[in-house]
Every structure is written in structure tokens, then in C-alpha cells.
Amino acid sequence: MNRRYLLKKFLQAIITVFAVLIINYFLFRIMPGDPLAMLVRSPSLSEEAKASVAAMFGLDKPWYIQFFVYIKQVFTLDMGTSFIYKKPVLDIIAERIPATLLLTVPAEILAVFFGCYIGMISAWRRGTKSDVLGTGVSMVFYAMPTFWLGILMVTFFSATLGLFPTSGMMTTTLGDRSFWAEAGDVVVHLILPVITMALVMLGNYTLVMRNSLTDVLTEDYINTAYAKGHTAKNVLRRHAMPNALIPVTTLITMNLGFTISGALQIETVFSWPGIGRLMYDALQGRDYPLLQGIFLLISICVVGANFLSDILYGYLDPRVKA
Amino acid sequence: MITEGQIPHIKNSFIGSFRVFCKNKMGVLSLIVLLFFIFIAVFGQLLVPYDPQSFGQNGIMEAPSASHVLGTDEMGRDLFGALVSGTRTSLLVGIFGTVISMVVGALIGIVSGYRGGKIDALLMRLTDIMLVLPWLPLMLVLAALMGSSIWNIIAVIGLTGWAQTARIIRAQTLSIKERQYIERARVIGSSDFHIIRRHILPDVFPLILADAVTTAACAIDAETTLSFLGMGDITRPSWGMILHYAFESGAASSNAYWYLIPPGLCVLFVVLSFSYIGNAFDEIFNPRLRGRSENGAS
């Protein structure tokens, strides 16, 4: 990896972030559905009250002034005030981030581990029953609507078997408890959404791992390794897997957009108080400042993750050049 | 002479492709499943004994019985009827969304690859940005801002899903552009439009078709997810809308499996079918893959 490659990718990421800023701004101004109209729908509000509310949210100024105000606000991390919560958008989002991480990080780890394992077995035993089963199951989970799998899990494991709570992050009715009792409660609430999310993401890793390893296994150096007298297990572990894992490594960072889409649906189904559920609530209430803030945050994270995966790829695979 | 020689060649390659496709058992099975759903979408209303929107005379949240094979919903509507009309909406959105996304993607890909230079750089930057943006949040924001009529949903799906297609088509156009017959056409004074229409478009068409299958799977999934998250058209029942109502009415905690399972299964079957057909197409257009799987089986 050389400096030119790094610089090029970095510049691309910066351009994309600016494009996101502009898209994000204009999306929320040009489209029908005036935020002010939404805000002052209640007919009981007097004209003066409407004007003061508009001034409060900066809606009374011309659009180009609003644009510069917006850019300045983004760089000072001031994303406005939520219509629903009447609090700064940044504070509301920051409150919800830990819950989303608590859900997505364990799910991602489980998905990567089991996905790679199933993919490896499938590629290694290509065409056998375990391949057909592993690939088939992964494709089914991949094709399934994420939220639907969540609903099925709730219906089966919570409503029918009564094994897990149906929604939320903890049981709120129990009052004061010790830290450990509360942590245990959160874990019980966490199990079902994490498993659902892992199952949804699993398919992608399985298929990429399988294709990647299959490609690697046709390379000449694999034959060479056999010719040198390595055992099959050794060839797989020492010669094939390290190269086959490269696309999977970059997929982990590149998949952030996919992970967020999954979290959005799963948090909605399980009423998990993270960023995804927040976005759902913001959509239902047409809370434009909040929606804009979340969309901006998600987009910038995804652009950053993509940049990271480009660097990682260039670092892991020396054949990549600018 | 040359054209005469080419016609049987094209025919053979089509029949050959079809033979390769027929060898793929999952592909053929998937095609049958898809044809079944299309049949239901077109003629399904004739099989339904009830008006899908009528409610009041039936019991609410009834489990499946002889009169209502899939039970009823929280307003006493017949769920089999809802499922059948949902088939029409879901397939319609999927197909139109795919068509828009193919047209936009192919147009951008061909212009970008054929023109090159600044236009190419600009269009590809745009494509990269579209590829990076997280699709579901973007679609949700667009749907929320545009309002959720069925045509808006189709537009949102079509306008967010073209980036991958544009990349594939551009790459293919770049390689076709260098071929001799394009050079020859240019020398005899054919216009760019003529060259694109008569030479490049026919050559990239199989690729567009193969990509359309994958995109259709995404489009159907997207419609279902958007509708479930409350951004669907409430006047048109789709599979996603049925699941939205099911979730809102608490079907999950009251264990109303007849309400929850059939629409999701329909989505699953259709999306899986498109995916398997996509895999079969991949084998046709990517002979390296075919050789590989034969090696693997031996």
C-alpha cells in the first residue's frame, strides 16, 4: 500500500461526506412536507405562537441563510432541537448509542464467527450434504425479511414458550435493584434480539467466506502446498484460510450500513431503546431535526467504515494499488 | 455473409444458455415458484370468495377454519383474500422498482463507460456516493418526505437501487467500446446514439437481465420492510402492510401465527427464487464459475 492510494481514498471519503451533508440538507428542505406545517398542525395555536416557534427553529429565514447556519451547526456539533423531545438532537442520539452497541457488537461477533465457520466447511466439502445444508440455511436467513424473523422469534420463544421477555431493555416495574440484578435483567432482554440479528447477518459472511475460500482453493500455491507434503488440514489452516479471510475482514467494516439496517428493524420489533428505534419513532412523529441528525450520523459512520475497509484491504492485500 | 453466419450463432448461444439454466435444479424450481406467484397476482382474485376490504360480518382474529382458510385479522377481514391482493401489490412494486433502477443504472453505466473523461468521473463519483449511503435509512427518509403513495414507494426503491447496476454496466461498456466493430461503425459515420442503441445495448442486455433478477429480490424485500416500518401505502395491501398491521395489533404476543407466517413466507419464497435464478444466471454468464463447480463436484 502506498501513500497515493491512501490519499486518493481519503479524498474520496471527504468528498462523500460533503455530498452527504448537502444531500441531507436539501432532502429536508426541498421535499414536500413542510416541517413548520407539521409543527403547527394544531389549529389552537395563535399566529404569534406559530411565528415564535418558527423563529425558535430558524424556519423563518431564507433557505441559503439556513444552509450556512446548517453547515456551521454541523461543524459545531449543534444539530438543532428535536420537535418531539424538545431537547438537543445530539444529546438524544448520544443517550441511545450504548444500547445499539450492546445489541450490534455481540451479534456481529457471533455472525462473523459462525458465518466463517459454516462458509469454511461449505467450501472445503463443496457439493456434499453439509455444503448444501450450510449454504441453503444461510441463504434462507439472508433472504428472510429481518423484522419478520424477529417477530417469529418473539412469537415462538416469548409468547408461546415464555422463555424470554417480549420487548424492552429491562423490566421497569421491579424498582430499585443491585447493579448485578439489573445487568442480568438486561442480558435476559438482550438474548433474543442478539440471536435474531446474528442469524440475519450470518448468511452474508457464510456466502462470502465460501466463495472466497473456493477461489483460493483453485490457486496454484494450494497444489504446491499439497505437493510439498502438507496434510489437508494444514493446507486449509496455514495456506488457504489466511488469504480467504481477507474479503471477510473488509466485509466486517463495509457491512456497517447493512448492520444499521438490521438494527433498525430489530430494535423496532423488540422495542430496544437504541438508534434504530429512535429513528423509527422520529419517522412516525415526522421529527425532522432528529431524523436529519440520525441520518447524518449513520451516513458519516458508514462512509468512515468504508474508508477503513479500503485501508484495511490495501494493507492486507499487497496486490491492491492506487 | 457475416450476418447470416451470426444468426445461428446467437440462436445457439440462447439455446445453450437455456440448457445450462435447465441443469440448475434450484434455478428451474425457483422459476416455477415465481410463475406460480405471478399467476396468483394476475388471476388470484377469482379464487377469493370474499371482498378483501369487507369487514364486520366475520369474527375478529379467528384462527384458520373451513370458511376462512387463513383466518381473519383484527378487523375481521379474510386474510387469504388480503394475501392474494398483497401478492399483486408486492410483485408490482418489485417489478416497477426494478425496471426504474435498471433504466437509470444502465443509462448511467453506458453513458459513463462510453463517454469517459469528466462525465465518467462525475457519474462514477455519484455512483460511489449512492453505493455508500445506507440504503434503508435513505429509503425511509425519502419515503417519509415524499409521502407514502405506492408510486412514491416505487420511485424511492428505483432511485436508490441503481448504483450497483451502473458499475457493472459501465465495466462491460468499457470492454465492448474497444472492440473492432465499434471502431468500424464509427469510421462509417454512425452517430453515438446509433452505436449505443445498435451495438452496445444488445451486448450489455444479458448483463442487465441478470442484474435485474438480483435487484428484484432487493426491491421486494425493500417494499416489505418500508411497509412494515409504516411507510407503506395504506390504501394498497401488500405483504409488508399485512405484517405491519399484524405487528401493530399485537399478533406476535397473542400468538396469531396465521396472521404472521403466510405473508413472510411469501416474501421469503419470492426473494429466494430470485436469488437462486440469479445464481443460475451467474453460471451462464460467468463460465469460470461453471467450470469451478464441476471441478468441485468431481
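The values are calculated or read from the model by the stated rules, or taken from the named source; none is laboratory data. It should be emphasised that the depicted structure is a prediction, and the values quoted were computed from it without experimental measurement. We place every Cβ from the backbone using ideal geometry, glycine too, and count neighbours over all the protein chains shown. What goes into the accessible areas is simple: the full protein's heavy atoms, side chains included, and nothing from ligands, DNA or RNA. Shrake-Rupley method; radii C 1.70, N 1.55, O 1.52, S 1.80 Å.
Structure data summary
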{"quantity": "Surface accessible to a 1.4 Å probe, per residue, for the residues of the range A:64-145, Å²", "calculated": "55 Å²"}
{"quantity": "Nearest-0.05 FRET efficiency for B:Ile38 and A:Asn2, computed from C-beta distance (R0 51 Å)", "calculated": "0.45"}
{"quantity": "For the range B:93-108, 3J(HN,Hα) per residue [Karplus equation, 6.51 cos²θ - 1.76 cosθ + 1.60, θ = phi - 60°, Hz, x = Gly/Pro]", "calculated": "4, x, 5, 5, x, 5, 4, 4, 5, 5, 4, 5, x, 5, 4, 5"}
{"quantity": "Distance from the range A:283-322 to the range B:211-290 (C-alpha centre basis), Å", "calculated": "26 Å"}
{"quantity": "Taking the C-alpha atoms of the range A:191-299, convex hull volume expressed per residue in Å³", "calculated": "106 Å³"}
{"quantity": "The range B:150-298, accessible area per residue, ligands and nucleic acids excluded (1.4 Å, Å²)", "calculated": "44 Å²"}
{"quantity": "Helix-only mean residue ellipticity at 222 nm for chain B, each DSSP H run of n ≥ 4 adding -39500 (n - 2.57), per residue, nearest 500", "calculated": "-24500 deg cm²/dmol"}
{"quantity": "Shielding score for B:263-273, defined as the mean number of other chain Cβ atoms within 10 Å", "calculated": "3"}
{"quantity": "Amide H contacts of A:Thr81 (H built 1.01 Å from N, under 5 Å, at least 5 apart or other chain)", "calculated": "A:Val89"}
{"quantity": "Inter-site label distance for A:Val188 and A:Lys228 at 7 Å from Cα along Cβ, in nm", "calculated": "5.5 nm"}
{"quantity": "Ratio Rg/Rh [Cα only; Rh per Kirkwood] for chain B", "calculated": "1.06"}
{"quantity": "Accessible area of the protein assembly as shown belonging to carbon and sulfur atoms, whole % at 1.4 Å probe", "calculated": "67 percent"}
{"quantity": "On Cα atoms only, tilt of A:241-254 relative to the major axis of chain A in degrees", "calculated": "10 degrees"}
{"quantity": "Average projected area [Cα convex hull, the range A:126-192], square nanometres", "calculated": "6.6 nm²"}
{"quantity": "Rounded to the nearest 10 Å², the accessible area of A:Arg126 at probe 1.4 Å", "calculated": "50 Å²"}
{"quantity": "Nearest-10 value in Å² for the accessible area of A:Thr224, using the 1.4 Å probe", "calculated": "70 Å²"}
{"quantity": "Under the Debye formula (equal points on every Cα, no solvent term), log10 I(q)/I(0) of the range A:183-251 at q = 0.13, 0.17, 0.28 Å⁻¹", "calculated": "-0.53, -0.69, -1.13"}
{"quantity": "Amide H contacts of A:Gly127 (H built 1.01 Å from N, under 5 Å, at least 5 apart or other chain)", "calculated": "A:Val132"}
{"quantity": "Paramagnetic reach from B:Val69 (point 7 Å along Cα→Cβ, amide N under 15 Å) across the range B:261-281", "calculated": "B:262-263, B:266"}
{"quantity": "Ellipsoid equivalent to the range B:155-285 - semi-axes via the Cα gyration tensor, in Å", "calculated": "44, 15, 9"}
{"quantity": "Gyration tensor over alpha-carbon atoms, the protein assembly as shown, equivalent ellipsoid semi-axes in Å", "calculated": "40, 32, 29"}
{"quantity": "Principal semi-axes in Å for the range A:90-321 [√(5λ), Cα gyration tensor, largest first]", "calculated": "38, 22, 15"}
{"quantity": "5 angstrom amide H check on B:Met61, placed H, neighbours 5+ away", "calculated": "B:Thr72, B:Asp73, B:Glu74, B:Met75, B:Gly76"}
{"quantity": "Paramagnetic reach from A:Phe113 (point 7 Å along Cα→Cβ, amide N under 15 Å) across the range A:247-270", "calculated": "none"}
{"quantity": "Cross-link table B:Lys118/B:Lys177; A:Lys9/A:Lys72; A:Lys61/A:Lys86; A:Lys8/A:Lys61, entries beyond 29 Å C-alpha to C-alpha", "calculated": "A:Lys8/A:Lys61"}
{"quantity": "Under Karplus coefficients 6.51, -1.76 and 1.60, residue-wise ³J(HN,Hα) of the range B:109-124 in Hz, glycine/proline x", "calculated": "x, 5, 4, 4, x, 6, 6, x, x, 5, 4, 4, 4, 5, 5, 6"}
{"quantity": "Between helix B:287-297 and chain B: long-axis angle, C-alpha atoms, 0 to 90°, nearest 10", "calculated": "60 degrees"}
{"quantity": "Karplus (6.51, -1.76, 1.60) ³J(HN,Hα), θ = phi - 60°, over the range A:227-233, in Hz, Gly and Pro reported as x", "calculated": "4, 6, x, 5, 6, 4, 4"}
{"quantity": "Förster-model FRET efficiency, 35 Å R0, A:Leu316 and B:Leu174, C-beta, rounded to 0.05", "calculated": "0.80"}
